[in-house]
Amino acid sequence: MVTLSGAVIAGDDAEYPQVRIVGDRLTFAPAPPGGTEEVLEGWVLPGLVDVHCHIGFSPEGVCDEATTIEHARLTTSTGVLLTRDAGMPVDTRFLDSLPDAPRIIRAGQHIARPKRYTRHLPLDLEDPEDLPEALAAQALAGDGWVKLVGDWIDRDGGEGADLAPLWTPGQLTAAFAAAHANGARVMVHTFAKETIDPLLTAGVDCIEHGTGMTHEHMEQAAAAGIPVTPTLVQVENFPAIADQADGKYPRYAAHMRRLHQERFRRVRDMYEAGVQLLVGSDAGGGIPHGSYHEEIRLLAHAGIPAPAIVGAATYHARTYLGVPGITEGAPADVVVYPADPREDAEVLRHPSAIFRAGNRLT
């Protein structure tokens, strides 16, 4: 049993002087008299949340079991104790039995079109009219989420090739309805402006990247309660992507550079418009696992205030995902910090203690 004392930050307006870890659960009940519990002091937060990552995936494709476990442990070492996998071609449920792996909310497998996304990761549909059936199947395979690729470069345009939607508005509307009917919410990868209107109309639940969103889109998303995961770490790669496309796809290259140049202003505009921001590293693919705090740094650089970053990384994300934070009887997934991260979000990079299901990891 451990008593965590100091400032227990359970929400924007919920702070307590202490909470106790008893077994694998949290309690606010006082310690019994005469006990000899360990006492740790500091600023206590629910475990961090990475809402967009791919544990068990790398640029070469699906990883073996040992590498997948390494990814999981790298994740928890950062204080991230809850992840949403944002689409995976392999079942990682064997990680659920490991005491030092994060809790993972799974989303089945990405859905894309042939040659319209990165290799190895998505399920490619030859016939786009099969999208409702495909999303329904992935809804049953996941934990209440499905992942769709909304746009990607259309190389058939030759030198005029650019980002373009993969699906028609009608296909999206039917597919989202099928996912919702099977108990899943829909997150969509999108870079391009042209993709956003159909997504909002069709009833998208969460926008990933969102680099093409206009002020009007942001206002609509805020009014509808649709969060955005900016993945600024991923957007930092856009100039390198543009360099690879130079010469062969000049229009696309210029577009990617423009999106990169606008990245910080756009995220700040989202925040000021009232859009709920979520924190996602997009680790897996070309981004190393354990990169979560680089996303925190970039959000701060974009001008997002530290208290808002803390909420986005912890209790607001948990509420959105339906996972408890610091409440009576909740799983003891908490992180202790030596200073108040609401004063400086960089503190989140330096936990003094991490507890996963009551087990102390550091």
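Expressed as a whole number of Å, what is the distance separating the alpha-carbon centroids of region 188-236 and region 155-169?
Spelled out, the Cα-based centre of one part sits 18 Å from the other.
Karplus couplings for region 116-128 from phi (6.51 cos²θ - 1.76 cosθ + 1.60, θ = phi - 60°), rounded to Hz, Gly and Pro as x?
Computed from phi, the couplings for region 116-128 are 10, 5, 5, 6, 6, 8, x, 8, 8, 9, 5, 10, x Hz.
Let me check against my output: what whole-number percent is the relative contact order of region 145-259, with C-alpha pairs under 8 Å and at least 6 apart?
Reported relative contact order: 27 percent.
What lysines sit close enough to LYS193 to cross-link, taking a C-alpha to C-alpha distance under 20 Å and skipping anything fewer than 8 places away on the same chain?
Filter leaves LYS147.
Could you give the distance between the Cα centres of region 7-62 and region 260-308, to the whole Å?
Computed from Cα coordinates, the inter-centre distance equals 23 Å.
If you take the beta carbon distance between ASP91 and GLU159 as r and set R0 to 51 Å, what does 1/(1 + (r/R0)^6) give as a FRET efficiency, to the nearest 0.05?
For R0 = 51 Å, the calculated efficiency reads 0.75.
Would you pull out the residues with amide H under 5 Å of HIS289's amide H, same chain only if 5 or more places away, H placed 1.01 Å from N?
GLY284
If the reach is capped at under 18 angstrom between alpha carbons, list the aspartates and glutamates near LYS248, excluding any in the same chain fewer than eight residues apart.
Straight-distance partners of LYS248: ASP154, ASP156, GLU159, ASP162.
Can you tell me the relative contact order of region 189-334? Whole percent, Cα pairs under 8 Å, sequence separation 6 or more.
It comes to 20 percent, rounded to a whole number.
Just to confirm the number: angle between the C-alpha axis of helix 292-301 and the first principal axis of the chain, 0 to 90 degrees, nearest 10?
80 degrees
For the chain, what is the relative contact order in percent, using Cα pairs closer than 8 Å and at least 6 residues apart in sequence?
About 20 percent, as a whole number.
Just GLU208, GLU194, GLU38 to compare: in a GNM of the chain, with alpha carbon springs under 10 Å, which one fluctuates most?
Ranking GLU208, GLU194, GLU38 by mean-square fluctuation puts GLU38 first.
When the scattering of the chain is computed by the Debye formula from its Cα atoms alone, each counted once and equally, what is log10 I(q)/I(0) at q = 0.11, 0.13 Å⁻¹?
With no solvent term, the Cα-only Debye profile gives -0.73, -1.00.
Explain nothing, just the number: dipole magnitude of region 188-340 about its Cα centre with +1 on each Lys and Arg Cβ and -1 on each Asp and Glu Cβ, in debye rounded to the nearest 20.
Rounded to the nearest 20 debye, it is 400 debye.
Please give the contour-minus-distance gain from ALA29 to GLN244: 0.36 nm per residue of separation, less the Cα-Cα distance, rounded to one decimal in nm.
Working: separation 215, 0.36 × 215 = 77.40 nm, distance 5.86 nm.
Stretched fully, the ALA29-GLN244 segment lengthens by 71.5 nm.
In debye, nearest 20, what is the charge dipole magnitude of the chain about its Cα centre with +1 on Lys and Arg Cβ and -1 on Asp and Glu Cβ, if you could check?
Numbers: 29 positive and 49 negative charges, 37 e Å.
My answer is approximately 180 debye.
Readers should treat all values here as calculations from the given coordinates under stated rules, not as data from a laboratory. Since the structure is predicted, the reported quantities are computational estimates derived from the model, not experimental observations. Cβ: placed from backbone, ideal geometry, glycine included. Neighbour counts: every protein chain shown.
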